[in-house]
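Structure first, commentary second.
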Amino acid sequence: MEVRAGVVEQYSDFATYARADSPCLAAWATEVVDDPDVVAWLSELPALKRQPNLVFAAARWHGVPAPGPYAGLREALLADDRSGGPIRETIRTRRTQTNEVGRLATLLPAFAQIAAEATRPLALLEVGASAGLCLYPDRYEYDWPPVAALGGSGGPRLRCVVDGPLPEPTACPEIAWRGGVDLNPLDVADPDTLAWLETLVWPEHDDRRALLTAAAEVVVADPPTLVRGDLLVELPALVDVAARHGEVVVFHSAVVAYLVAEERAAYDEMVRGLVAEGRCRWVSNEGRGVLPSVTATLPTDPLRGGPAVPPEHEGSFVLGIDGRAVAWTHPHGRAMTWLG
Ligand SMILES: C[S@@+](CC[C@H](N)C(=O)[O-])C[C@H]1O[C@@H](n2cnc3c(N)ncnc32)[C@H](O)[C@@H]1O
């Protein structure tokens, strides 16, 4: 696809994705689509650096007000090259590593189900862990209105509206070990790193920024074992390390989308092999198109012959246990529909 047409499609898709959660970023993306000058500016970035989340965060990092008018973004991008290119440099050197601890509210029911079937405490191994904030499910309390709640940790409370027959977690799993792999593991003890993670949180989401601050304190007090490397290379050896400590649960959210198609297929095959060998359990939480083998296990639409996608779940993630879809989840963990 011609580069500019690709940018237009990417920003148009993002506008749809963000519409319900960030009016500001959805409006910015919509305006970009109709702005040939900005589309041209974006087209000069390397392909992997044209992501709306990264570009918008970089602009905000350099003072573009958000929530705020599109004109602020437009002027900053088009003037950037005249002032030495600070926004372009931030886009070049930083990554979208949004570490969303709210996702734990959708992951915990899967962890609890696995823990109920396990004979040992869990060893949590997160693929694409960023700063590892999601490795501490036992440090939070949970509200799943209208069906369930789980307290007792004394930690921050996560809220996720539930639809469908959620298997109600009655206790938080015991966690014996926490580790992960990331191309670029982040250390939230570093103020600059934490500030960048705060900037990646969408502008209207003060609740998520407050949670990020609390989650960073948890990690700084008790850091996980994070390995720098590619998940395709590091995962099998890390599974062996984790197995010394407990029942291994390999999990990930919002990670496999960063792999190209061949890598996604290779990852899917690798982790299915590990599960088949009894070396780990697997919890996946990824966009609908990202792991086709998991998505294929969703209930089917008899008219279309493929997975039935309710309109309200067009932008949802698919939560899977051992490759079988069990729920639709909101990408930031605010809601989930458990499947029958
Ligand atoms: C959007 S963040 C999600 C972080 C975390 N899973 C969460 O849900 O909050 C995606 C992370 O995946 C990592 N990542 C992407 N490709 C990877 C690869 N091939 N191997 C290891 N990590 C990767 C990125 O560096 C980034 O930290």
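Can you bin the range 101-338 into rounded, prolate or oblate? Criterion: square roots of the alpha carbon gyration tensor eigenvalues sorted a ≥ b ≥ c, rounded for a/c under 1.5, prolate for a/b above b/c, oblate for the rest.
Rounded is the answer for the range 101-338, as its axis ratio a/c remains below 1.5.
Note on the range 12-71 and the range 217-256: Cα centroid distance 32 Å, given to the nearest whole angstrom. For the chain, adding -39500 (n - 2.57) for each run of n ≥ 4 DSSP H residues and dividing by the number of residues yields -12500 deg cm²/dmol at 222 nm. Helix 206-221 and the longest principal axis of the Cα set of the chain meet at an angle near 60°.
Packing around the peptides 154-161, 104-111, taken as the average count of other Cβ atoms within 10 Å per residue, puts them in this order, highest first: 104-111, 154-161.
For the chain, the residue among THR329, ALA118, LEU226 whose Cα projects farthest onto the positive side of the dipole built from Cβ charges is ALA118. Computed about the Cα centre, the dipole magnitude for the chain is approximately 220 debye when only Lys and Arg (+1) and Asp and Glu (-1) carry charge, each at its Cβ. Can you compute the label reach from LEU339? Point 7 Å from Cα along the Cβ direction, backbone N cut-off under 15 Å, restricted to the range 264-300. Label zone hits: 283-300. Could you state the angle between the C-alpha long axis of helix 261-276 and the longest principal axis of the C-alpha atoms of the chain, as a value from 0 to 90 degrees rounded to the nearest 10? So the inclination is approximately 10 degrees. Relative to the globular-protein estimate of 2.2 N^0.38 Å, the Cα radius of gyration of the range 250-310 stands at 1.21. Put a dot 7 Å past the Cα of ALA189, heading toward its Cβ, do the same for ARG157, and the two dots end up 3.2 nm apart. Protection proxy ranking, highest mean first, for peptides 137-144, 7-14: 137-144, 7-14, where packing is the per-residue count of other beta-carbon atoms within 10 Å, averaged.
How large is the dipole of the range 1-66 about the Cα centre if only Lys and Arg carry +1 and Asp and Glu carry -1, each at its Cβ, rounded to the nearest 20 debye?
Approximately 260 debye in magnitude.
Mean separation of Cα pairs under 8 Å and 6 or more residues apart, divided by the residue count, gives the range 101-338 a relative contact order of 24 percent.
Taking the highest mean first, how do the peptides 16-25, 328-337 order by number of other beta carbon atoms within 10 angstrom per residue?
The packing order, highest mean first, is 328-337, 16-25.
Label sites at GLU263 and ALA221, each approximated as a point 7 angstrom past Cα along Cα to Cβ, lie 3.5 nm apart.
Between ASP34 and GLU314, what length comes free when the chain is fully extended (0.36 nm per residue of separation minus the Cα-Cα distance, one decimal in nm)?
Contour length minus Cα-Cα distance gives 98.5 nm.
Compared with the dominant principal axis of the Cα atoms in the chain, helix 3-18 is inclined by about 60°.
Quick note: the coordinates plus some simple rules give every number you see, no bench work behind them. Keep in mind it's a predicted model, so treat the numbers as computed, not measured. Virtual Cβ from ideal backbone geometry, glycine too; neighbours counted across all protein chains shown.
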